[in-house]
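Worksheet for the structure shown next.
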Amino acid sequence: MNEKKKLEMQKVNRLMTNICSDKLSESRDFYTKLFSLEVAYDSDWFVHLASADRSLELGIIDRTNELVPKDFQSNPQGFYITFVVDDADAIFQVAQQEKFDIISEPADTAYGQRRLLLKDPNGTLVDISSPIKDFEF
């Protein structure tokens, strides 16, 4: 198989993260209040959120739905979701107003990001970061 054909076969056309949830409406509200995500689809088993230009997508699925294999219906460990935004402090303000679960307040990191950590209604760790202006390594 030539290299060009191999690369074509591996092309990714779309990447979407899905969160397994017991709290679909709470999760929908958490992500739509914090980020510029709109509800593209909303049902009793699945919520699809997307940016206005559809370049960013997030799914929230009922963890007990038949589409989720039984072995994957428990709370996942060892991962978190990162959202890179213009202003982590503005997101922090919303999180405080909404009384969302704040793990750590915004703080500057050694790698040039201002970082805030939240826990979503499903227990998923959510990292919200914004670049520190004029940061140099």
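Figures for the structure shown
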quantity	calculated
Selection count, segment 78-112, where residues are surrounded by fewer than 19 Cβ atoms within 10 Å (Cβ to Cβ) and either charged (D, E, K, R) or touching a helix residue (DSSP H, G or I) at 6+ places or on another chain (Cβ under 8 Å) (or both)	11
Count of segment 102-124 residues which are at pLDDT below 95 and assigned to a strand (DSSP E or B)	0
Complete set of residues in segment 65-85 that are farther than 19 Å from Leu15 by Cβ, at pLDDT 95 or above and polar (S, T, N, Q)	Asn65
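Residue-by-condition table, conditions (1) at pLDDT 95 or above; (2) exposed (fewer than 13 other Cβ atoms within 10 Å of the Cβ):
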residue	(1), (2)
Glu3	no, yes
Leu15	no, yes
Lys33	yes, no
Glu38	yes, yes
Tyr41	yes, yes
His48	yes, no
Ile61	yes, no
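The values are calculated or read from the model by the stated rules, or taken from the named source; none is laboratory data. Please read all numbers here as calculations on a predicted model, not as lab measurements. Neighbour counts run over all protein chains shown; Cβ positions are idealised from the backbone, glycine included.
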